[in-house]
Amino acid sequence: MKTNTINKKEIEKFSRIAKEWWDPSGKFRPLHKFNPIRIKYIKDNLVEHFKLQKNNKPLKNLQLLDIGCGGGLLSEPMSRLGANVVGIDASLNNIRVAKHHLKRSKLNIKYFNCSPENLKTSKKFDVILNMEIVEHVENVDIFIKQSSRFLKKNGIMFVATLNQTLKSYLFAIVGAEYVLRWLPIGTHEWDKFVKPKNLINICQKNSLKLNKIDGLTFNPIFDQWKISSDKSVNYITKFEKV
């Protein structure tokens, strides 16, 4: 049975544009627009789940693992909110960019070039982020299984991804890549998008209970993302280790 979750084609694709991670008008511009709502969603749900103090460092002392961390776009805000962050990515270029940016931000984040099945640690985490990553891995079942090994009991795993619908094909691929040119052509492959019911089934097999599922939609008038009930394109889930 295959135990490797690294998709070399996907890694090469993101490695080629890694230097643009922190450019808000570059190839990761959509992710920069996406980031505020992701940060707020994660923070608010963790404050509620762990009964945390609502201050400027509400995630203080939480151990957080950011899988597929890229250049650190989520790792750094999580660290600023007080979490002890470890970021891992299968692309060496991504990790180099994340470490380089860390010198400027002066945050205490540990970055490693690996995928979850290759992470060498006995540490267990309170929080695991799998954000916009499962649609780029080789085997979602194994990826979730390997990720969940590092989650403490009652810990939280967030998974954000794209639904496999006709609308997601039209919006996320035809619209975002070919028409609006928000993303480089070939960023996404529709057959790798994950239906919520499939993700929930995979997580249940790995002792992860669904706590919450929400849609994420883009408002072109206000040029921003918002949480919604529409899960037909982007959606975000919160699972608890039981």
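Any read-out appearing in this document is the output of simple, stated calculations on the displayed coordinates, not a laboratory observation. The model shown is predicted, which means the values in this text are computed figures rather than measured ones. We place every Cβ from the backbone using ideal geometry, glycine too, and count neighbours over all the protein chains shown.
General remarks:
- Electrostatic bookkeeping for A98 treats Lys and Arg as +1 and Asp and Glu as -1; over the other residues with beta carbon under 11 Å from its beta carbon, the sum is +1.
- Per-residue Cβ neighbour rank within 10 angstrom, fewest leading, S232, S168, S122: S122, S232, S168
- Taking other C-beta atoms within 10 Å as the exposure proxy, V140, V179 rank V179, V140 from fewest upward.
- Residue exposure sequence - L151, L52 - by fewest surrounding Cβ within 10 Å: L52, L151
- Compared with the alpha-carbon gap, the fully stretched path from K205 to D223 is longer by 2.7 nm at 0.36 nm per residue.
- Environment charge at K205 (Cβ cut-off 14 Å; Lys +1, Arg +1, Asp -1, Glu -1): +4
- 15 Å reach of a label modelled at K60, 7 Å along Cα-to-Cβ, counting backbone N of the range 90-124: none
- Sites listed here are chymotrypsin sites (Phe, Trp or Tyr not before Pro) in the range 122-226 whose DSSP assignment is loop and whose Cβ has at most 12 other Cβ atoms within 10 Å: F222.
- Linear extension gain, K19 paired with E48, 0.36 nm per residue minus alpha-carbon span: 6.9 nm
- Candidates E48, E177, E76: whichever shows maximal mean-square fluctuation once the chain is modelled as a Gaussian network with Cα springs under 10 Å: E48
- Taking every Cα-Cα distance in the range 82-185 and sorting them into 5 Å bins starting at zero, the pair-distance distribution P(r) comes out as 2, 10, 16, 20, 17, 15, 12, 6, 1, 0 percent.
- Sum of -39500 (n - 2.57) over DSSP H runs of 4+, divided by residues of the chain (222 nm, nearest 500): -9000 deg cm²/dmol
- Distance between modelled label sites at D141 and I185, nm, 7 Å Cα→Cβ extension: 3.5
- Neighbour cut-off at most 16 other Cβ (10 Å), DSSP loop, trypsin sites (Lys or Arg not before Pro), the range 93-190: K106, K120, K123, K124, R149, R181
- The range 1-70-the range 74-147 distance, computed between alpha-carbon centres (Å): 8
- Within the chain, percent of DSSP bridges classed antiparallel, to nearest 5: 50
- Kyte-Doolittle mean at least -1.0, axial Cα span of 27 Å or more - DSSP H helices of the chain: 29-50
- Checking every one of the trypsin sites (Lys or Arg not before Pro) in the range 18-63 against DSSP loop status and a limit of 14 other Cβ atoms within 10 Å picks out K51, K54, K60.
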